[in-house]
Amino acid sequence: MDAAYFSAFAALAGSVIGGLTSLGTSWLTQHAQLGAQRFALNMERRETLYKDFISEASRLYVDAFEHEQTDLSNLVRLFAMISQMRIVSAPRVVEDADKVAQLILETYLAPNKSFGDIRGAVESHTVDPLRLFSEACRDELHELGAF
């Protein structure tokens, strides 16, 4: 084989290898960035869902203390959020969300509470129905590496 052909072939092979290396590196970098963006978006959606659930459940729980009946349409948003959690959340989070919803329903069915009743509940630390739910959310987000 002629030395000129060998040199040309070596140069061409080096260019191909360099190009493939550059392409592979770019693809891996893009893939890693896309995965990180997807993870961050997933965590943001969960955090928003959990915050919205806490706000809605708190509002309904206070309303349940003041009223013995509610329009069922008021509860639809709460149950819709629980259904969304069933898709993306750990079973413990969903179980605790179900417990909160059950407590809200039981509170609506119970007689109205006076301020003295609420004060007693605060002193006995039974007025925080979202504590277990929020702890489950924090644990799940921590396990997933959100913080």
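Every number here is computed from the coordinates shown, using simple stated rules; none is lab data. Note that the structure is predicted; figures quoted are calculated from it, not measured. Here Cβ is always computed from backbone atoms with ideal geometry, including for glycine, and neighbour counts include all displayed protein chains.
Highest GNM mean-square fluctuation, the chain, Cα pairs closer than 10 Å: which of L103, L41, L28?
L28
How do the peptides 69-80, 91-102 rank, highest first, by the average count of neighbouring beta carbon atoms within 10 Å per residue?
Ranking, from highest mean packing down: 91-102, 69-80.
Largest first and to the nearest Å, give the Cα extent of the chain along each principal axis.
Principal axes ranked by extent give 101, 31, 19 Å for the Cα atoms.
With springs connecting C-alpha atoms under 10 Å apart, model the chain as a Gaussian network and identify which of A64, A36, A136 has the largest mean-square fluctuation.
For the chain, modelled as a Gaussian network with Cα springs under 10 Å, the answer is A36.
If contacts are Cα pairs under 8 angstrom and at least 6 residues apart, what is the relative contact order of the chain in percent?
Rounded, it is 25 percent for the chain.
Between N74 and K99, what is the FRET efficiency for a Förster distance of 25 Å, r being their Cβ-Cβ separation, to the nearest 0.05?
0.85
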